[in-house]
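Participant: Take this structure, written in structure tokens, and hold onto it; I'll ask about it next.
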Amino acid sequence: MPRRTLLVVDDDANVADFLRESLIERGYDVETHTSPEEALGQIVSKRFDLVITDLRMPGMAGTDMLAAILSRRPDQLVLLMTAFGSIDLAVAAVRAGACDFIAKPFKVEALAFAIERAFRDREMRREIVRLRARSASGDTGPLVAKSVAMRGVVERAQRVADLDSTLLLTGETGTGKSALARFIHDTSARRRRPFQHVNCASLPSTLIESELFGVRRGAFTDAREDRTGAFIAAADGTLFLDEVGELSLDTQAKLLHALESGQVRPLGSTSGLPFRARVIAATNRPLESLLRDGQFRPDLYYRLNVIRIEVPPLRERRDDIVPLVDVMLARMSDRQSRPVLGVSAAAMKRLMTYPWPGNVRELANVIERAVALCDHDSVLPEDLDFPQEHTIDTLLAQSAQGPLPLEELERVYVQRVLESRGGNKAEAARILGINRRTLYRMLGRSFGLQGRMAE
């Protein structure tokens, strides 16, 4: 194993030299600097496994050194040395990104232990990511149900999993209806049987019937051989009809006949074939409004709506965001061969408070893009790009569909004002009607905006 490279920064040359000699004896490669500015220059030009720095030094007060290091190397491990009187400040620094701190005076053995603990913690995080990546499988990923709302959905799904009754899943686009359908299948006695997924919105009307019911050779010009439809292919398993609200009225009539008779007739055939699959249908369109508009057959509606499960939007199940991010981060990191270990606190705060109009699908999109673009081992606020994060008007319109955190409106508005004034905080504070200290406090909790705006 290669020797670890450490950088020690302390304005006391005697302390720096003593630590260098002591740590070299313990098998590390060590560089020292008494000047914070020179140390920062080295951090830019050379990679260190760990930076050990005094918390307070002339010309670099408080956590400024930590902020300067992390701005240059966001994934840098930083271990702080601090006097007993600065413990509160050291704790704040750990929250801001330091891996640990050690109080002066200390024995070299204690420092060596803290160093190894920092390396072990990082390796543990990497192993967790590897294990998560190994366990995360499939395009939808495992069903996450930490929130009260989603636990209720899962409990209801488990109760009806072994029934033969038709099941209707409703909810906004991207909420995870496909994952829920797969969960129901995998939980049921049919789990060893086929799971057929047909997206009714992705197929043209000329093909949807042959996809569902099958086709006999010669039924039309391109039908050169018999082809089994999804109803028969599902056998004793599950047929999942996604976006069933997109079916034409003519296809709806044939679907109704199949559900009521238990038989399907392939195109070009004069006789029906029995099927035994359990049917789960899903829609992101309110079927009741389609009924009123004459776009959906009432008899098919009642036939599908035997058991109904509403999947809540992500904005109503925010407790699911952190575990969803964990699963998606592991899967995307493994898929893209990028060693992204986690999400910074500031980035996670943005993820937790964004309204997610695109729900879980949009979250997956944001995480995949962040993993692809970030150049360090943690996702930072600047790595997050929300496609639907536009204006206050957009957010207000979204709030009519469900609860929207006031903090999100505040964050977007403050950002807009800062951008309109070129990042001038004094001018922005005047427009907002607050003092600069209040603005700094708002920026400090507003998802990393402070570091993105000029003074």
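The values are calculated or read from the model by the stated rules, or taken from the named source; none is laboratory data. What you are looking at is a predicted structure, and each value in this text was computed from that prediction instead of being measured. Neighbour counts run over all protein chains shown; Cβ positions are idealised from the backbone, glycine included.
Participant: Which count do you get for residues in the range 358-380 that are surrounded by fewer than 21 Cβ atoms within 10 Å (Cβ to Cβ), in a helix (DSSP H, G or I) and touching a residue at least 60 places away in the same chain (Cβ under 8 Å)?
Facilitator: Of the residues in the range 358-380, 2 are surrounded by fewer than 21 Cβ atoms within 10 Å (Cβ to Cβ), in a helix (DSSP H, G or I) and touching a residue at least 60 places away in the same chain (Cβ under 8 Å).
Participant: Here is a follow-up. Determine whether the range 348-357 contains at least one residue that is of a type outside the set (Val, Ile, Thr), on the phi > 0 side of the Ramachandran plot and in contact (Cβ under 8 Å) with a residue 60 or more places away in the chain.
Facilitator: Looking through the range 348-357, none of the residues is of a type outside the set (Val, Ile, Thr), on the phi > 0 side of the Ramachandran plot and in contact (Cβ under 8 Å) with a residue 60 or more places away in the chain.
Participant: Here's another thing I want to ask about it. I'm trying to understand the selection: among the residues of the range 160-187, which are in a helix (DSSP H, G or I) and among the aliphatic types (A, V, I, L, M)?
Facilitator: Hits for the range 160-187 are VAL160, ALA179, LEU180, ALA181, ILE184.
Participant: A further question follows. Take LEU163 and decide whether it is in contact with a Phe, Trp or Tyr (Cβ under 6 Å, 6 or more places away or on another chain) and either at pLDDT below 95 or in the same structural domain as CYS99 (by TED's automatic domain parsing) (or both).
Facilitator: Criteria not met by LEU163.
Participant: Hey, any hits in the range 396-413 for a residue that's assigned by TED's automatic domain parsing to the domain that holds VAL325, in contact with a Leu (Cβ under 7 Å, 6 or more places away or on another chain) and modelled with pLDDT under 55?
Facilitator: yes
Participant: Of the residues VAL129, VAL153, VAL148, only one is at pLDDT 85 or above, on the phi < 0 side of the Ramachandran plot and either among the aromatic types (Phe, Trp, Tyr) or in contact with a Pro (Cβ under 8 Å, 6 or more places away or on another chain) (or both); which?
Facilitator: VAL153
Participant: Since LEU329 meets every condition but one in (1) buried (at least 18 other Cβ atoms within 10 Å of the Cβ); (2) outside any helix (DSSP H, G or I); (3) touching a residue at least 60 places away in the same chain (Cβ under 8 Å), which condition does it not meet?
Facilitator: (2)
Participant: Can you pull out every residue in the range 1-45 that is within 20 Å of ASP64 (Cα to Cα), among the acidic types (Asp, Glu) and either over 40 Å from the mean Cα position of the chain (by Cα) or not assigned by TED's automatic domain parsing to the domain that holds ALA112 (or both)?
Facilitator: Those that are within 20 Å of ASP64 (Cα to Cα), among the acidic types (Asp, Glu) and either over 40 Å from the mean Cα position of the chain (by Cα) or not assigned by TED's automatic domain parsing to the domain that holds ALA112 (or both): ASP11, ASP12.
Participant: Kindly indicate whether any position in the range 76-83 is touching a helix residue (DSSP H, G or I) at 6+ places or on another chain (Cβ under 9 Å) and not in a strand (DSSP E or B).
Facilitator: Looking through the range 76-83, at least one residue is touching a helix residue (DSSP H, G or I) at 6+ places or on another chain (Cβ under 9 Å) and not in a strand (DSSP E or B).
Participant: Test ILE52 against the criterion of being in contact with a strand residue (DSSP E or B) (Cβ under 7 Å, 6 or more places away or on another chain) and either surrounded by fewer than 14 Cβ atoms within 10 Å (Cβ to Cβ) or modelled with pLDDT under 90 (or both), and give yes or no.
Facilitator: no
Participant: Considering ARG276, ARG315, which residue is surrounded by fewer than 19 Cβ atoms within 10 Å (Cβ to Cβ) and among the basic types (Lys, Arg)?
Facilitator: Exactly one of ARG276, ARG315 is surrounded by fewer than 19 Cβ atoms within 10 Å (Cβ to Cβ) and among the basic types (Lys, Arg), namely ARG276.
Participant: Another question, then. State which residue is nearest to the chain's Cα centre (by Cα) when the search covers only the range 271-317 and only residues that are of a type in the set (A, V, I, L, M) and part of a loop (DSSP other than H, G, I, E, B).
Facilitator: Checked the range 271-317; the qualifying residue nearest to the chain's Cα centre (by Cα) is VAL311.
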